[in-house]
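Inspection log for the structure reproduced underneath, given as structure tokens.
The values are calculated or read from the model by the stated rules, or taken from the named source; none is laboratory data. Source: prediction; values computed, not measured. Using ideal geometry, Cβ is built from the backbone for each residue, glycine included, and neighbour counts are taken over all protein chains shown. SASA here: full protein model, heavy atoms, side chains in, ligands and nucleic acids out. Shrake-Rupley method; radii C 1.70, N 1.55, O 1.52, S 1.80 Å.
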Amino acid sequence: MKDGFDILVVGAGPAGIAAAVTAAAAGLRVGLVDDNPAPGGQIWRSGAHLPAAAQRWLARLDRSSVVRLHGWRVFDCPQPNLLCAEPNSAAMTSESRVRAELSFGKLILATGARERFLPFPGWTLPNVMGAGGLDALVRGGLPIAGKRAVVAGTGPLLLAVAAHLARRGARIVAVCDQASRLQLARLAAHLVFEPAKLWQGANYALAMLPARLRTRCWPVAAHGSDRLRAVTLRQGAKQWDVDCDYLACGFHLVPNIELPTLLGCRIEDGFVATSEWLETSVPGIYCAGEPTGIGGAELALLEGEMAALAASGLTHQARGLARKRRGMSEFVAVLAKACSLDPKLRALASDDTMVCRCEDVRYGALRSRANWRDAKLHTRCGMGPCQGRICGSATEFLFGWRDTPVRPPIFPALLSSLASPDTPTEDLVAAGAPSHSAKESR
Amino acid sequence: MPESTRSLALTVNGATVAVTPGTTVAAAVLMAGAAARISVSGEPRVPLCGMGICFECRVSINGAPHQRSCQILCQPGMQVLTAAAESCALAANRRTS
């Protein structure tokens, strides 16, 4: 369609912002669609204390010609080179709800990652949240000063979250990583060669002095009636209770690959397979950031730039970036190893522990199922509104099940969005409303 | 900074909650001490992921059901109803009819 975008970018985290800004600088007509109210993704979530790089890129995005649709969620790809999105905002009345039709020449997927959650007794109690989850809520205005928080799970995110919560006045009563000291030492050794990351690591460590990091330690139960009151932690043979107001618990990250999967992009070992220039197995569709391998914001920025240059036909300008990326690829592997899960965590759930939170399916009902499909058909596990995004990564670890291919809509959508006449890209851009409102909120 | 000290008011299950601009509806619901939803087997739930993935934060906003409150910012005068309050209202309706 001649009035569509030359390049459409899905996801406005570091990778998506870098991709959109870079493609727009090349003189192309660029669209950026994201389901959050403001750009930055999860890692650069709005609020104070954004790193300098984030502020620089967000400012570049503000100055760019990129057409931004914040608060819009892509739910379908009804035909090649066309995505459909629905607005998130309830402020819109039902009359003004529109389904956006976003047509494009090339597509860059920067859909980011989510936390992996593992079920343990009591994990559905109010105030048991993801590590990034609690962090996001605090950045979204939840007061945390004076509250006691346990931060647990695995991955570098834990220290970042603990440090941030502490800065906001939370009392961090414990920080536990399931990884061994050796696993973390190997990661730390790698960070020595990455000055920027070392600086971040040191900052986290300094902020963390009051509560020391416990390794090979994890929550085995959360207690409370109406909400969380205490957590039982285990480290080796030792087990003890800690009173707390919040448990922030996430076991590293899993990539958001639903949209790439829907589009037919080849998936390898749970990640989107790409060429050296970040083109997926589908010609004209590129992928950048966490869906190609969990590597953090720095690598995501680099991949976003690379993907945009490649999609703009400027591969020759991306050679330096490609070299740098090859140098960073080792970090992805080191990080994955540092976050690999202890098989003992499979014993956390007991028969009456919820696994699927949408449909309230318990571990005991799933134990005897043959695979993910069998579990879906017999127990409704993964059949709720999150479409298995939470329990899917848990059951993959618990039982070795892999998700079956996704079907549209990849997010629950209104019937009116599924059936209504489309609002073509050009009308949406002319109206200017979706991106405008989001810009004002920053 | 005047931006961060200015507050806006919305209601959660009828009770007024004052928040700073930029606050998500999910945070306002937690500040009001309300569970966002009641699970299919009756458990109270609050947001888990904070990023629009888990659907535990669904509430009604200005009459529109199933809104993911963690991705929506508070607006002045917004009326938020959680499933816990809604199911109570339904039960009350049944008793009176």
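May I ask you to list the residues in the range B:58-73 that are under 11 Å from the mean Cα position of the chain (by Cα) and more than 8 Å from chain A (Cβ to nearest Cβ)?
Of everything in the range B:58-73, those that are under 11 Å from the mean Cα position of the chain (by Cα) and more than 8 Å from chain A (Cβ to nearest Cβ) turn out to be B:Val59, B:Ser60, B:Pro65, B:Ser69.
Anything in the range A:316-338 that is among the basic types (Lys, Arg) and touching a residue at least 40 places away in the same chain (Cβ under 8 Å)? List them, or say none.
Filtering the range A:316-338 for residues among the basic types (Lys, Arg) gives A:319, A:323-326, A:337.
A:Lys337 - this is the single residue of the range A:316-338 that is among the basic types (Lys, Arg) and touching a residue at least 40 places away in the same chain (Cβ under 8 Å).
What are the residue pairs meeting all of these: first residue in the range A:32-52, first residue on the phi < 0 side of the Ramachandran plot, second residue of a type in the set (S, T, N, Q) and open to solvent by less than 30 Å² (accessible area, probe 1.4 Å), Cβ atoms under 7 Å, and 6 or more apart or on different chains?
A:Asp35/A:Asn88; A:Asp35/B:Gln71; A:Asn36/B:Gln71; A:Pro37/B:Gln71
Restricting to the range A:343-391, name every residue that is loosely packed, with under 14 Cβ neighbours inside 10 Å and within 13 Å of chain B (Cβ to nearest Cβ).
A:Asp352
Which condition breaks for A:Ala170 when tested against (1) open to solvent by less than 40 Å² (accessible area, probe 1.4 Å); (2) under 23 Å from A:Phe331 (Cα atoms); (3) aliphatic (A, V, I, L, M)?
A:Ala170 satisfies every listed condition except (2).
Just a yes or no: is a residue in the range A:33-55 more than 14 Å from chain B (Cβ to nearest Cβ) and modelled with pLDDT of 95 or more? Quick ask: steps written out before the conclusion?
Let us first name the residues in the range A:33-55 that are more than 14 Å from chain B (Cβ to nearest Cβ), namely A:51-55.
From what's left, modelled with pLDDT of 95 or more: none.
No, the range A:33-55 contains no residue that is more than 14 Å from chain B (Cβ to nearest Cβ) and modelled with pLDDT of 95 or more.
If you go through the range B:29-57 one residue at a time, how many are touching a residue at least 24 places away in the same chain (Cβ under 8 Å), over 22 Å from A:Glu359 (Cβ atoms) and within 7 Å of chain A (Cβ to nearest Cβ)?
The number of residues fulfilling the criteria is 0.
Give me the pairs, please: first residue somewhere in the range A:353-371 and under 15 Å from A:Trp123 (Cβ atoms), second residue anywhere and assigned to a strand (DSSP E or B) and at pLDDT below 95, beta-carbon distance under 8 Å, and either six or more positions apart or on two chains.
Every condition considered, no pair remains.
Taking strands (runs of 3 or more DSSP E) that fall entirely within the range A:220-303, which contain at least 1 residues that are within 14 Å of chain B (Cβ to nearest Cβ)? If you could, list the steps in order and put the result at the bottom.
On the way: elements: A:230-235, A:238-243, A:246-251, A:253-255, A:285-287.
Of the strands (runs of 3 or more DSSP E) lying wholly inside the range A:220-303, those with at least 1 residues that are within 14 Å of chain B (Cβ to nearest Cβ) span A:246-251, A:253-255.
Checking A:Leu309 against (1) modelled with pLDDT of 95 or more; (2) farther than 30 Å from A:Trp123 by Cβ; (3) assigned to a helix (DSSP H, G or I); (4) open to solvent by 30 Å² or more (accessible area, probe 1.4 Å), which test does it fail?
(4)
From the list A:Ala205, A:Ala185, pick out the single residue that is over 21 Å from A:Thr353 (Cβ atoms), modelled with pLDDT of 75 or more and open to solvent by less than 60 Å² (accessible area, probe 1.4 Å). Break it down into steps so the answer makes sense when it comes.
Details: A:Ala205 fails: modelled with pLDDT of 75 or more.
A:Ala185 is the lone residue from the list that is over 21 Å from A:Thr353 (Cβ atoms), modelled with pLDDT of 75 or more and open to solvent by less than 60 Å² (accessible area, probe 1.4 Å).
Of all residues being surrounded by fewer than 24 Cβ atoms within 10 Å (Cβ to Cβ) and in contact with an Asp or Glu (Cβ under 7 Å, 6 or more places away or on another chain) in the range A:127-150, which is farthest from the other protein chains (Cβ to nearest Cβ)? Just the residue, please.
A:Arg148
Looking only at the range B:26-39, count every residue that is surrounded by fewer than 23 Cβ atoms within 10 Å (Cβ to Cβ) and either modelled with pLDDT under 95 or within 11 Å of A:Asn127 (Cα to Cα) (or both) and tell me the total. Spell out the reasoning first.
Pass one, the range B:26-39, residues surrounded by fewer than 23 Cβ atoms within 10 Å (Cβ to Cβ): B:31-33, B:35, B:38-39.
From what is left, the residues that are either modelled with pLDDT under 95 or within 11 Å of A:Asn127 (Cα to Cα) (or both) are B:33, B:35.
Residues meeting the conditions: 2.
Select from the range A:275-299 the residues that are surrounded by fewer than 22 Cβ atoms within 10 Å (Cβ to Cβ) and among the charged types (D, E, K, R) and write down the one among them that is farthest from A:Gly41 (Cα to Cα).
A:Glu276
Which of the numbered conditions does A:Leu302 fail, given that it passes all the others? Conditions: (1) touching a residue at least 12 places away in the same chain (Cβ under 8 Å); (2) touching a helix residue (DSSP H, G or I) at 6+ places or on another chain (Cβ under 8 Å); (3) open to solvent by 50 Å² or more (accessible area, probe 1.4 Å).
Only one criterion is unmet by A:Leu302, namely (3).
Can you find even one residue in the range A:394-406 that is over 20 Å from the mean Cα position of the chain (by Cα), among the charged types (D, E, K, R) and not in a helix (DSSP H, G or I)?
There is no residue in the range A:394-406 that is over 20 Å from the mean Cα position of the chain (by Cα), among the charged types (D, E, K, R) and not in a helix (DSSP H, G or I).
Among (1) open to solvent by 50 Å² or more (accessible area, probe 1.4 Å); (2) at pLDDT below 95, where does B:Ala91 come up short?
(1)
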